[in-house]
Amino acid sequence: MFLSLELSSLTSLSLSSTSFRGSVMHALIKKSVLMTVVLLIVTCGVYPAVVWVVGQVVFHHQAKGSLVERNGIVVGSKLIAQNFQKPEYFHPRPSSAGDKGYDAANSSGSNLSLTNKKFIDGLNSNIKQSLTDNPGLVQGQVPNDMVTGSGSGLDPDISSENAMAQAGRVAQARHSSTEVVKDLVEKHIEKPDLNLIGESHVNVLELNLALDERLPVNK
């Protein structure tokens, strides 16, 4: 009799323990599913919506790609370099983006080391071309960014030194004085952020558009 009572008690305890574990697991699963749903709504719905609204309201121009318009026509983006090669325009940095360079859909650098023969030959070729194109520029004074590409291949800016080195060529092509062109460059130099981050630079697209307005080319 006593043995029967003991077995009955053990069975009851076992069933109670199983039931308790089942209820705990059910509660944990319920919380996990609820947390997953909440995080899904916040991270895939609320957060992107808030970022989109802030971007459109506070940074509308940047959120649209920093597009530059002239006479209602989009002529480019302030963030992406274009292949200006005519002598009357300021030239951007060399580009390895895509087969012909300046391919916005194929951003990349050359990925060549400084000791790579192809890199060295390309660098020497760029230096030679820069000296040929820009009167007054001499060996040893060629700005680094005039003959080397950026990591993205789409850097829209050049250094102020690079822009000044090209001023003579641009002035000659536009039948103007170097001083007038350099003055225009000075007005488009952007200082480092907080005067600490980065270097002084010039946006090539905006400078070339200003050139067309100030010193139009006679065609």
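The values are calculated or read from the model by the stated rules, or taken from the named source; none is laboratory data. All values reported here derive from a predicted model rather than from experimental measurement. Positions of Cβ are generated from backbone atoms using ideal geometry, with glycine treated the same way; all protein chains shown enter the neighbour counts.
Annotation note: of Ala81, Ala63, the sole residue that is touching a Phe, Trp or Tyr at 6+ places or on another chain (Cβ under 9 Å), small (Gly, Ala, Ser) and at pLDDT below 85 is Ala63.
Kindly indicate whether any position in the stretch 205-216 is in contact with a helix residue (DSSP H, G or I) (Cβ under 8 Å, 6 or more places away or on another chain) and part of a loop (DSSP other than H, G, I, E, B). Looking for residues that are in contact with a helix residue (DSSP H, G or I) (Cβ under 8 Å, 6 or more places away or on another chain) and part of a loop (DSSP other than H, G, I, E, B), one finds at least one in the stretch 205-216, hence yes. Residues that are of a type in the set (S, T, N, Q) and either outside any helix (DSSP H, G or I) or under 14 Å from His91 (Cα atoms) (or both) within the stretch 111-131 comprise Asn111, Ser113, Thr115, Asn116, Asn126, Gln129, Ser130, listed in sequence order. Only residues that are farther than 25 Å from Glu161 by Cα and in a loop (DSSP other than H, G, I, E, B) were counted across the stretch 67-105, and they come to 8. Among residues of the stretch 93-116 that are over 9 Å from Leu154 (Cα atoms), none has a Cβ under 6 angstrom from a residue that is among the β-branched types (Val, Ile, Thr) at a sequence gap of 6+ or on a separate chain. Screening the candidates Ala163, Ala210, Ala167, Ala173 for the property of being closer than 14 Å to Tyr89 by Cα and touching a Ser or Thr at 6+ places or on another chain (Cβ under 7 Å) yields one hit, Ala167.
Does Leu131 count as over 28 Å from the mean Cα position of the chain (by Cα), modelled with pLDDT under 95 and among the aliphatic types (A, V, I, L, M)?
On the way: over 28 Å from the mean Cα position of the chain (by Cα): yes; modelled with pLDDT under 95: yes; among the aliphatic types (A, V, I, L, M): yes.
Criteria met by Leu131.
Of all the numbered requirements in (1) under 16 Å from the mean Cα position of the chain (by Cα); (2) exposed (fewer than 11 other Cβ atoms within 10 Å of the Cβ), Asn106 misses one, and that requirement is (2).
Listed by first and then second residue, the pairs with beta-carbon distance under 7 Å, at least 6 apart or on different chains, first residue in the stretch 119-132 and in the same structural domain as Arg169 (by TED's automatic domain parsing), second in a helix (DSSP H, G or I), are Leu123/Val147; Asn126/Val147; Ile127/Val147; Ser130/Met146; Ser130/Val147.
Here are Leu15, Leu3, Leu10: which of them is surrounded by fewer than 10 Cβ atoms within 10 Å (Cβ to Cβ) and either modelled with pLDDT under 75 or not in a helix (DSSP H, G or I) (or both)? The unique qualifying residue is Leu3. Taking the criterion of being in a strand (DSSP E or B) and either touching a helix residue (DSSP H, G or I) at 6+ places or on another chain (Cβ under 9 Å) or of a type in the set (Gly, Ala, Ser) (or both), the residues of the stretch 191-204 that qualify are His201, Val202. With the structure loaded, tell me whether Thr43 is exposed (fewer than 11 other Cβ atoms within 10 Å of the Cβ), outside the structural domain of Leu154 (by TED's automatic domain parsing) and at pLDDT 90 or above or whether it fails that test. It is true that Thr43 is exposed (fewer than 11 other Cβ atoms within 10 Å of the Cβ), outside the structural domain of Leu154 (by TED's automatic domain parsing) and at pLDDT 90 or above.
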